[in-house]
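Notes follow once the structure below has been shown.
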Amino acid sequence: MKILNYINGAFSPPLSGECLDNYNPAEGTVYGQIPNSSKEDVERAVVAAKAAFKAWSITSLEGRNRILKKISDLLLTNIDRFAMAESIDNGKPIALAKSVDIPRAASNFRFFANAITQFSSESHESVGANAVNYTLRQPIGVVGCISPWNLPLYLFTWKIAPALAAGNCVVAKPSEITPMTAYLLGEICTEAGLPNGVLNIVHGTGKLTGQAIIEHPEIKAISFTGGTQTGAHIAKVAAPMFKKLSLELGGKNPNIIFADADYEEMLHTTIRSSFSNQGQICLCGSRIFVESTIYEKFKTDFIAKTKALKVGHPSEANTDIGALVSKEHLEKVMAYIDRAPAEGAKILCGGNRITVQDAPNGYYLAPTVIEVPSNDCSLNQEEIFGPVVTLMPFDTVDEVLGYANDVKYGLSATLWTNNLKRTLRMSSELHVGIVWVNTWMMRDLRTPFGGVKSSGVGREGGFEALRFFTEAKNVCMKY
Ligand code: TXE
């Protein structure tokens, strides 16, 4: 299948005619082609977006609300088609795509359609100076949204929906590794009545297409989710042009388990936070620290549950772990596992590729648990981004806080305990943007989302996202 760019409400091939192969990771085969769009294609998208901005920026909030809700509805009407496309493109189990990824993409549109109607700004009376101040929150203009391959439509729409709701026009690029659902979204936007040029979707590599977006002087803000290195590069390019930036980058999140936790619930959720989406979620709890009094019991039970997970073809309903997203990514994850012996770490289970029946060339990896001797080994310091977790015991709160914070990332942390004082202290002292207590990845879309340190800058979600996608203007009136 050949996919096309969506520019000014119409589908078109790249001007150069140059295409890239699109792989099905479950099979390890090429199944389609995508445009490798150049600067000229991005320029076309920016021209269309600029032209559409005039009308879209003054479209009433009810008008924007209606169209964005219609997109949400159409995503749900077409959920089977979208879930299938996401699963084939990414390798994730079809059940996960259908229960999480596509419903969440629909929620993103519905949530921001409503949020914009509740968005308000501040006013101040300058008492004694006979003046009042009010704040206008105005759309920025043309903004760029660049998203990764792990949660393709989920993260693509998490950026696009608030950008559009706030009255901006968008030039967006999904990952070249998983472009399919973004392509299908174009059709739905047209059907929902989104005016031409308000959303433009340009496909291609980061180096060519992405670079053209971040360098474009008319694109005044960039919302990006992806690797930390890419985020640093984007910041460097964008800074001299004073673009607004929201960067959601990698994570190496601690999952901290105390002996007083509700054991079965903790065990069940820890399997999920370790291996969901093949461990390819920036929020996965990839470093597990367990209080030493229950360490051996946890180790035995966790390994047994890990071994019971079914690695299989993503199209099968009972598959727990599908394929990793690409051959390159599988090799990167395997390279970390190969380092284990040299780092004094012990592979407790997994660590090997798996051959799935009828798909011998797919990129499957057994879920892997590694016991590490210390927190400073690369297995505990670097983002592996696969179905690989490490285990380490601890004795005291101070000790585990040290481990949790001694890493360059600061996205999220999970705490399993019923001790209130400890929870309050640790939630305050963990250097992260999100703390989950006795749960994992429970998301309320009104909450701020993002990380500190090398996990990024800025916050997405709720009014934070609407603030990012608007400029604040103070008006001061003297009476
Ligand atoms: O991401 P990239 P990659 C982490 C994870 C993974 C590593 C690298 O550890 O192994 O990052 O993954 C676009 N200008 N995460 O290389 O390259 C690119 O086309 C503009 C964590 O696949 O950062 C894609 O659309 N754009 C993460 C997007 O950036 C550029 C999710 C992300 O790709 C660009 C994914 C450029 N110069 C990976 N170069 C998370 N935070 O959830 C690339 N891109």
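The values are calculated or read from the model by the stated rules, or taken from the named source; none is laboratory data. Nothing here was measured: the structure is a model prediction, and the numbers come from that model. Note that we place each Cβ from the backbone using ideal geometry, even for glycine, and neighbour counts take in every protein chain shown. The area values use the complete protein model at the heavy-atom level, side chains included, leaving out ligands, DNA and RNA. Shrake-Rupley method; radii C 1.70, N 1.55, O 1.52, S 1.80 Å.
So for segment 182-190 (the condition being within 16 Å of the ligand (Cβ to nearest atom), open to solvent by 10 Å² or more (accessible area, probe 1.4 Å) and under 21 Å from residue 8 (Cβ atoms)), does at least one residue qualify? Full working, then the answer.
In the first step, residues of segment 182-190 are kept if they are within 16 Å of the ligand (Cβ to nearest atom); the result is 182-183, 185.
Retained after the next criterion (residues that are open to solvent by 10 Å² or more (accessible area, probe 1.4 Å)): 183.
From what is left, the residues that are under 21 Å from residue 8 (Cβ atoms) are 183.
The answer is yes, given that some residue of segment 182-190 is within 16 Å of the ligand (Cβ to nearest atom), open to solvent by 10 Å² or more (accessible area, probe 1.4 Å) and under 21 Å from residue 8 (Cβ atoms).
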Close pairs from segment 205-227: first within 16 Å of residue 469 (Cα to Cα), partner near the ligand (Cβ under 9 Å from one of its atoms) and of a type in the set (Gly, Ala, Ser), Cβ under 6 Å, at least 6 apart | 219/144; 222/144; 225/147
Residues of segment 145-154 satisfying the condition of being open to solvent by 10 Å² or more (accessible area, probe 1.4 Å) and closer than 15 Å to residue 75 by Cα | 154
Restricting attention to segment 281-297, does a residue exist that is open to solvent by 30 Å² or more (accessible area, probe 1.4 Å), of a type in the set (S, T, N, Q) and in a helix (DSSP H, G or I)?
-> yes
Among the residues of segment 354-377, which ones are outside any loop (DSSP other than H, G, I, E, B) and acidic (Asp, Glu)?
-> 371
Do you know which residues across segment 444-458 are out of contact with any strand residue (DSSP E or B) (no Cβ under 6 Å at 6 or more places or on another chain), in contact (Cβ under 8 Å) with a residue 12 or more places away in the chain and not aliphatic (A, V, I, L, M)?
-> 446, 447, 448
Search result, residues across segment 31-61 that are open to solvent by less than 70 Å² (accessible area, probe 1.4 Å) and free of Cβ contacts under 8 Å to residues at least 40 places away in the same chain | 33, 60
Just name the residue that is most open to solvent (accessible area, probe 1.4 Å) out of those in segment 220-256 that are within 11 Å of the ligand (Cβ to nearest atom) and more than 19 Å from the chain's Cα centre (by Cα).
-> 236
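Strands (runs of 3 or more DSSP E) wholly in segment 378-479 with at least 2 residues that are more than 22 Å from the chain's Cα centre (by Cα) - which ones? Step through it out loud before you land on a result.
Working: elements: 388-394, 412-416, 434-437, 470-478.
Correct list: 388-394, 470-478.
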